[in-house]
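Colleague: Input: one structure, supplied below.
The values are calculated or read from the model by the stated rules, or taken from the named source; none is laboratory data. Predicted model only: the values in this text are computed from it and were never measured. Glycine also receives a Cβ, built like all others from the backbone with ideal geometry; neighbour counts cover every protein chain displayed.
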Amino acid sequence: MRALVQRVGYGKVSVGGNTTAEIGKGVVILLGVGQGDTEEQAYYLAEKIVNLRIFEDDGGKMNLSLVDVGGAAIVVSQFTLYADTHKGRRPSFTEAALPDMARPLVDKFAEKIRAQGISTGQGIFGAEMQVEIHNDGPVTIWLEK
């Protein structure tokens, strides 16, 4: 499982012109599910991200977590995080989990974040989405489990 976490001042996901999630201060998480990924991995990454100290304290150091700052999250399923570009010019996505396996893990990941008291929105799995990310910093962290 792979997550690209971006600290944001604002984030929004829309499908067909309709907003499905919108936040102020927080994180936008692009989440890729790979073949063989498990609930344990989803829960581990959710816990890690919620407690990751990527927000600045009064001294300007990254010492505060999403919980500490009262931030929110948006989770966007992103199978393209499993793109393999080693051969040719067209990416291969064979390492990405099939939708029947990926969808429940994305939902469990988002539920785990919500269970930790974080307001969490989501995109729509499998839909063409427009994701607006106002990266703060910029701070972008790659996590893999």
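Colleague: Would you check if Ala102 is touching a Phe, Trp or Tyr at 6+ places or on another chain (Cβ under 6 Å), over 15 Å from Ile74 (Cβ atoms) and hydrophobic (A, V, I, L, M, F, W, C)? Steps first, please.
Modeller: Numbers: touching a Phe, Trp or Tyr at 6+ places or on another chain (Cβ under 6 Å): no; over 15 Å from Ile74 (Cβ atoms): yes; hydrophobic (A, V, I, L, M, F, W, C): yes.
It is false that Ala102 is touching a Phe, Trp or Tyr at 6+ places or on another chain (Cβ under 6 Å), over 15 Å from Ile74 (Cβ atoms) and hydrophobic (A, V, I, L, M, F, W, C).
Colleague: Looking for whichever is modelled with pLDDT of 95 or more and more than 14 Å from Val5 (Cβ to Cβ) here; the options are Phe109, Phe93, Phe55. Which one fits? Full working, then the answer.
Modeller: Details: Phe109 fails: more than 14 Å from Val5 (Cβ to Cβ); Phe55 fails: more than 14 Å from Val5 (Cβ to Cβ).
Just a single option satisfies the conditions, and that option is Phe93.
Colleague: With the structure loaded, tell me whether Ala96 is touching a Phe, Trp or Tyr at 6+ places or on another chain (Cβ under 9 Å), under 19 Å from Gly34 (Cα atoms) and touching a residue at least 60 places away in the same chain (Cβ under 8 Å) or whether it fails that test. Before the answer, list the steps.
Modeller: Values: touching a Phe, Trp or Tyr at 6+ places or on another chain (Cβ under 9 Å): yes; under 19 Å from Gly34 (Cα atoms): yes; touching a residue at least 60 places away in the same chain (Cβ under 8 Å): yes.
Spelling it out, Ala96 is indeed touching a Phe, Trp or Tyr at 6+ places or on another chain (Cβ under 9 Å), under 19 Å from Gly34 (Cα atoms) and touching a residue at least 60 places away in the same chain (Cβ under 8 Å).
Colleague: Something else: Of everything in segment 88-145, what is of a type outside the set (A, V, I, L, M, F, W, C), part of a helix (DSSP H, G or I) and touching a helix residue (DSSP H, G or I) at 6+ places or on another chain (Cβ under 6 Å)? Give them in sequence order. Steps first, answer last, please.
Modeller: Of all residues in segment 88-145, those of a type outside the set (A, V, I, L, M, F, W, C) come to 88-92, 94-95, 99-100, 103-104, 107-108, 111-112, 114, 116-117, 119-123, 126, 128, 130, 132, 134-138, 140, 144-145.
From what's left, part of a helix (DSSP H, G or I): 99-100, 103-104, 107-108, 111-112, 114.
If the condition is that a residue be of a type outside the set (A, V, I, L, M, F, W, C), part of a helix (DSSP H, G or I) and touching a helix residue (DSSP H, G or I) at 6+ places or on another chain (Cβ under 6 Å), then Lys108, Lys112 are the ones that fit.
Colleague: Does Val67 satisfy the condition of being more than 18 Å from Phe125 (Cβ to Cβ), part of a helix (DSSP H, G or I), among the aliphatic types (A, V, I, L, M) and touching a residue at least 24 places away in the same chain (Cβ under 8 Å)?
Modeller: Working: more than 18 Å from Phe125 (Cβ to Cβ): yes; part of a helix (DSSP H, G or I): yes; among the aliphatic types (A, V, I, L, M): yes; touching a residue at least 24 places away in the same chain (Cβ under 8 Å): yes.
Yes, satisfied.
Colleague: Another one. Among (1) within 14 Å of the chain's Cα centre (by Cα); (2) loosely packed, with under 15 Cβ neighbours inside 10 Å, which single condition is Arg89 missing?
Modeller: (1)
Colleague: Mind listing just one residue for me: the one in segment 103-132 that is within 12 Å of Thr20 (Cα to Cα) and of a type in the set (A, V, I, L, M) and, of those, surrounded by the fewest Cβ atoms within 10 Å (Cβ to Cβ)?
Modeller: For segment 103-132, the residue satisfying everything is Ala127.
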